[in-house]
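Shown next, in structure tokens, is the structure this report addresses.
The values are calculated or read from the model by the stated rules, or taken from the named source; none is laboratory data. If you're wondering where the values come from, they're calculated on a predicted model, not measured in any experiment. Note: ideal-geometry Cβ built from the backbone for every residue, glycine included; neighbour counts use all protein chains shown.
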Amino acid sequence: MRTFRLTWRLPIARAALTVLAAVAVLALFGHQLAPQDPLAQDSAHILRGPGGAHLLGTDYLGRDVLSRLLAGTGLTVAGALEAVGAAMALGIVPGLASLWLGRFFEWSALRAVDALMTMPFTLFAIAAVGVLGNGLHQAMLALGVLLSPLFFRVTRAAALGLRQAPYVEAAELMGASRSRVLRTHIWSKVLPTVAVTTAQALATSLLTVASLTFLGLGVQPPAPTWGGMLATDLGYLGQQPWAPVLPGALIMLTVGALHLLADAVRDSGGASAGFAGAPEGGTAAAAAATGTTVRPAAAADAGAADPATAEPTAVQDREGRTNARISA
Amino acid sequence: MPASPRDTDGAPGRGDLTAAPPSAAREDVLAVDGLHITVSGGRTEAVRDVSFTVRAGESVGLVGESGSGKTLTCRSVLGVLPPGCSVSAGAATLAGTDLTALDRRGWERLRGVRLGAVFQDPASYLNPSLTVGRQLAEPLRVRKGLSRADAHRRAVELLGAVGLHEPAEVYHRYPFELSGGMLQRVLIATAIAGDPDLLVADEATTALDTVVQAEVLDVLARLRAERGLALLLVSHDLAVVAEVCDRVLVFYAGEIVEDGPTEQVLAAPAHPYTEALLRVASIGDWQRRELAVIPGRPPEAGAAPPGCRFAPRCAHAAAACTATPTLALTDAGPGRRTRCVRAAELDLTGAAPQEVTA
Amino acid sequence: MTTATEAPPAAAAGGAPRPRALLARAGRAPVPLARGLLGTATVFVISSLLTFGLGALSDANPGAAVLGDAANPAEIARINHQFGLDRPLPVQYVTWLWHGLHGDLGRSWFTTVPVAHSIGQALPVDLSVAGLALLIAVLLGGAGGIAAALSNGGRADRAVTAVCAVLGTLPAFVIAIALITVVSVKLGALPSGGYVPLSQNPGQWLRFALLPAFALSLDVAAGIARQLRTSLVGALRENYVTGAAMRGLSARRVLFGHVLRNAAGPALTVLGMSVPMLIGGAVVTERIFNLPGIAQLALQAAQEHDVPVIQSTLLVTVTVVLAANLAVNAALAALNPAARRRRSASRDGRAAA
């Protein structure tokens, strides 16, 4: 929880969250907010620039661009969320199971993850659509399968850390109850990491949804989506070279906010790289703290061990040197 | 590994290593004059008014606690001061070249050929992903223009010269495959590859265990005798300095507090801090070993207490010690200097000379 | 990375007098290479199972697809029999994989053109454009990363970091559209789409390939620059840099001869991981620039539910990706032969302890 509190203090994280909240509002209420019917065509006003009745202009069928953008948010975001949800479901459970279900399962799961990671997202989603039928659900489930290794790895690493972390053992020795240790560990280590991964996965799947809808896969044409709008705008670059900027900017803004958020969470907490590291610093500090008092003991050891093997003068010599360490 | 993990080439049968070459009229290889070094971007002064010279073939030891400025001094001579540290005043001259005015190119021309260096933790100073031989041969090819074959042959020779067994075999080893003592020998070999005038050894034996330490010191002493190499040895270990150096400079809180021939300084220190160091170290004195520490702590870095900086910890401190804002380094006999106002009146105890050279 | 990077003890410690070619060095490690190949083979089999399974989940069949739903059931069954779809799934899988390994990827359900033929025409497009993109990415990313690391905290560093951050959020198709708008539509410097095979006319190929390759490369270049900057900044702080400088080596020599080879590993890994994106993830870029590549083939096949073509595009892409991974791992091993020996040494040490 501390990580999230620290994250919230970063201005950049607040900005990112604000953008994401705005996108969420658009996704939920985009249809209601749209000033006009996003599907209504108006052959009298095609490819109009911004202004007048159409705040952001019209497309090649005379449809209101602003309304289409607002209404298109929902489908795009819902698709991305569906994929990430599927990825979590498919990644987390095997990730945990891989540690407890024996070596064969672990080996197969790891190889399967490797195999999934060689598959390109968009191509696999296209294949899924081609084989299973043209629908956003098919594509998003396929994407979820490909994203699941992210969550598999994160969960596995976190669980491994839990199993091996010395501080868990230490806490238990000091009388903390197991559930308390687990709770602290999950709050402080696992959740931030999962949050980072989720943000990154959302960004990736948002881009993939945009790509697919750009290609005309997953949704039927009249329904507005960000990617679909980009695709239609591309046909009229000559007349409206600035048109792709709007949906493009929306995609970039959302993806950028997700990336920034992920970075902010990672920076403000020990997300991911956090399970190892203490021992060296610890011993060094201990050595520094004891500094002067350690020395005579070491000298005595050297004196006790050496005489058997070397002549007395040599012993004395080394003894002197061992003893003459001045600084700690 | 075919070679033994630790180099144990016989007992350290050293001769009289501290015997200074008799002539005192040779030219200065290194002259440091009034050097001031600031740290943390110029805000604090960590080294104040350090002056000394190293003559050709001479071996000079810088000794003191960590933070006393000895390592900063030697790093400024090498041109590798850590970020944020800089020479704020004074000069260092290496055989006529002003080191403080050198640019990057100038340093590149100087290093390896006229200036070599060995450091603590030799493993970290070698590239972990190249064989030691390749790293040794590279400057030979680049700087000396040797052919591949010649550089290889010369590198193997050098590895042999620093006392490594089966040098041709060691040539193909990666740093992690060698022990600390062997690595320090390799580092010494790279440092002397270009036949420099001056070798700077910064805590070069600190991380090694005592047997290996003795062997490495042996190598340094031998190279010095063979090649007329001047040696600037930095150590917190008075025993190491006593063994190898003709002259010793004692650093305390960024200043030189005593300077003189090793034997004289050890036998009759002219500064109470040296006396305290000797008592703690109790060099060679097996019987008199005691759990001695110097009471108190050195002043914080950058703090400049008036007068003698050691006064608060000094057993002989008097009012005169802190009366003047700064203390000058004054002559205390032939070839000796001290930064103690009471040097003349004090009779400080040193280590018995025969024990020191034992 | 897919292949096993941990390696058993290297065979000979002595080695050749002076390691010269990267290949020669990689060749000195037959055991880890074999292990890598084994891991790759396993991953390939699993990927092929996934690919085949995807097809098997489909209720599309060539009979119905070709003849329409109203066709005579007997006719449908006959066509399905021709494609071997009435046999048990395991048999179908083994046959499919076996034939695939021999270069026979079956026939399209619609055109009955051999799939291998279509892919043979499409794959060179992807490979050449992706190769060009990788080259641009390495040049841009390498230069950016080095410049940023050398000026650590300075103006160049901040500029590179900012550009990389922006590029990281820019989807490839936005870049592609922007490039077309500026370079093709406004300046008219390069064609906005189309393709001429490299073997036919290299000059024309470059004209058509440059924009898509550039659009694809920016994201990868940003990744490389970022990774290289991070690892270079760390490596430049290492003592061995001081050590090399103390031997009198010039700053450039220390950078390119010592630091870069130690710091290049992570950037190389980033490069390897970007290959799937370049080969199969470039669907949108291919569409925008109208390149007749694998992704276009897959897209067309997906719209027609042409299962053999879909499966084959996936399988071929996975093969290319795995080959790239193997190459990256070999390059990593060649770049740092010490790591292999060190790992084996430390493992021996642990076993002894």
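Table: residues versus (1) within 14 Å of chain A (Cβ to nearest Cβ); (2) part of a helix (DSSP H, G or I); (3) of a type in the set (Lys, Arg).
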residue	(1), (2), (3)
B:134	no, yes, yes
B:138	no, yes, no
B:142	no, yes, no
B:165	no, no, no
B:183	no, yes, no
B:189	no, yes, no
B:195	no, no, no
B:226	no, yes, no
B:241	yes, yes, no
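The residue of the range C:74-125 that is farthest from residue C:305 (Cα to Cα), among those that are among the hydroxyl-bearing types (Ser, Thr, Tyr) and at pLDDT 75 or above, is C:95. Checked against (1) within 14 Å of chain A (Cβ to nearest Cβ); (2) in contact (Cβ under 8 Å) with a residue 60 or more places away in the chain; (3) surrounded by 20 or more Cβ atoms within 10 Å (Cβ to Cβ); (4) among the polar types (S, T, N, Q), residue B:206 passes all but condition (3).
Only a single criterion out of (1) touching a His at 6+ places or on another chain (Cβ under 7 Å); (2) more than 10 Å from chain C (Cβ to nearest Cβ) is not satisfied by residue A:130, namely (2). Among the residues of the range A:230-258, those identified as farther than 18 Å from residue C:179 by Cα and either at pLDDT below 80 or crowded, with 17+ Cβ neighbours inside 10 Å (or both) are A:250, A:254, A:255, A:256, A:257, A:258. Filtering the range B:102-122 to residues that are more than 21 Å from residue B:223 (Cβ to Cβ), more than 8 Å from chain C (Cβ to nearest Cβ) and hydrophobic (A, V, I, L, M, F, W, C) leaves only B:102. Residues in the range A:12-39 that are of a type in the set (S, T, N, Q) and at pLDDT below 80 were compared, and the one that is farthest from residue A:61 (Cα to Cα) is A:32.
Would you call residue C:213 touching a helix residue (DSSP H, G or I) at 6+ places or on another chain (Cβ under 7 Å), under 30 Å from residue A:203 (Cα atoms), away from every other protein chain (no Cβ under 12 Å) and surrounded by 13 or more Cβ atoms within 10 Å (Cβ to Cβ)? Answer is yes for this residue. Could you please let me know if residue C:254 is in a helix (DSSP H, G or I), touching a residue at least 40 places away in the same chain (Cβ under 8 Å) and not polar (S, T, N, Q)? Judged against the criteria, residue C:254 is not a match. Please verify whether the range C:31-41 includes one or more residues that are crowded, with 16+ Cβ neighbours inside 10 Å, in contact with a Lys or Arg (Cβ under 7 Å, 6 or more places away or on another chain) and at pLDDT below 80. Looking for residues that are crowded, with 16+ Cβ neighbours inside 10 Å, in contact with a Lys or Arg (Cβ under 7 Å, 6 or more places away or on another chain) and at pLDDT below 80, one finds at least one in the range C:31-41, hence yes. Out of A:97, A:78, I need the residue that is at pLDDT 80 or above, within 19 Å of the chain's Cα centre (by Cα) and more than 11 Å from chain C (Cβ to nearest Cβ). Which one? Result of the check over A:97, A:78: A:78. Report yes if residue C:218 is touching a residue at least 12 places away in the same chain (Cβ under 8 Å) and either surrounded by fewer than 23 Cβ atoms within 10 Å (Cβ to Cβ) or not in a helix (DSSP H, G or I) (or both), otherwise no. In short, no. The set of residues in the range A:192-234 being within 18 Å of residue C:289 (Cβ to Cβ), outside any loop (DSSP other than H, G, I, E, B) and of a type outside the set (A, V, I, L, M) consists of A:211, A:214, A:227, A:232, A:233. Taken over the range B:141-191, the criterion of being at positive phi and touching a Pro at 6+ places or on another chain (Cβ under 9 Å) is satisfied by B:166 alone.
Taking the range B:145-163 as the range and being outside any helix (DSSP H, G or I) and either hydroxyl-bearing (Ser, Thr, Tyr) or surrounded by fewer than 19 Cβ atoms within 10 Å (Cβ to Cβ) (or both) as the test, the residues that pass are B:145, B:146, B:147.
Scan the range C:143-195 for residues that are of a type in the set (Gly, Ala, Ser) and within 14 Å of chain A (Cβ to nearest Cβ) and the total you get is 10. When you check residue B:219 against the structure, is it within 14 Å of chain A (Cβ to nearest Cβ), of a type in the set (Val, Ile, Thr) and either closer than 15 Å to residue B:121 by Cα or touching a residue at least 24 places away in the same chain (Cβ under 8 Å) (or both), yes or no? When the stated conditions are applied, residue B:219 does not pass them. Of all residues in the range A:106-118, one or more are part of a helix (DSSP H, G or I), farther than 24 Å from residue C:314 by Cα and touching a helix residue (DSSP H, G or I) at 6+ places or on another chain (Cβ under 6 Å). Restricting the range C:317-339 to residues that are among the polar types (S, T, N, Q) and closer than 16 Å to residue C:44 by Cα leaves a set whose member that is farthest from the other protein chains (Cβ to nearest Cβ) is C:319. Looking at the range B:62-85, can you tell me whether even one residue there is touching a Gly at 6+ places or on another chain (Cβ under 8 Å), modelled with pLDDT under 90 and assigned to a strand (DSSP E or B)? No, there is no match, as no residue in the range B:62-85 is touching a Gly at 6+ places or on another chain (Cβ under 8 Å), modelled with pLDDT under 90 and assigned to a strand (DSSP E or B). One residue is enough: does the range B:50-60 have a residue meeting the conditions within 11 Å of chain C (Cβ to nearest Cβ) and not in a strand (DSSP E or B)? No, the range B:50-60 contains no residue that is within 11 Å of chain C (Cβ to nearest Cβ) and not in a strand (DSSP E or B). Of all the criteria given as (1) facing chain B (nearest Cβ under 10 Å); (2) surrounded by fewer than 22 Cβ atoms within 10 Å (Cβ to Cβ), the one not satisfied by residue C:245 is (2). For the range C:271-316, the candidate set comprises residues that are farther than 16 Å from residue A:131 by Cβ and part of a loop (DSSP other than H, G, I, E, B); within that set, the residue that is nearest to the other protein chains (Cβ to nearest Cβ) is C:281.
The residues of the range B:326-351 that are over 14 Å from residue B:262 (Cα atoms), part of a loop (DSSP other than H, G, I, E, B) and not small (Gly, Ala, Ser), listed by number, are B:326, B:327, B:329, B:339, B:340, B:341, B:342, B:345, B:346, B:347, B:348, B:349. Inside the range C:80-112, residues that are assigned to a helix (DSSP H, G or I) and touching a Leu at 6+ places or on another chain (Cβ under 9 Å) make up a count of 6.
Suppose the filter is closer than 30 Å to residue B:332 by Cα and either away from chain A (no Cβ under 13 Å) or without any contact (Cβ under 8 Å) to a residue 40 or more places away in the chain (or both); does residue B:249 pass it? Spelling it out, residue B:249 is indeed closer than 30 Å to residue B:332 by Cα and either away from chain A (no Cβ under 13 Å) or without any contact (Cβ under 8 Å) to a residue 40 or more places away in the chain (or both).
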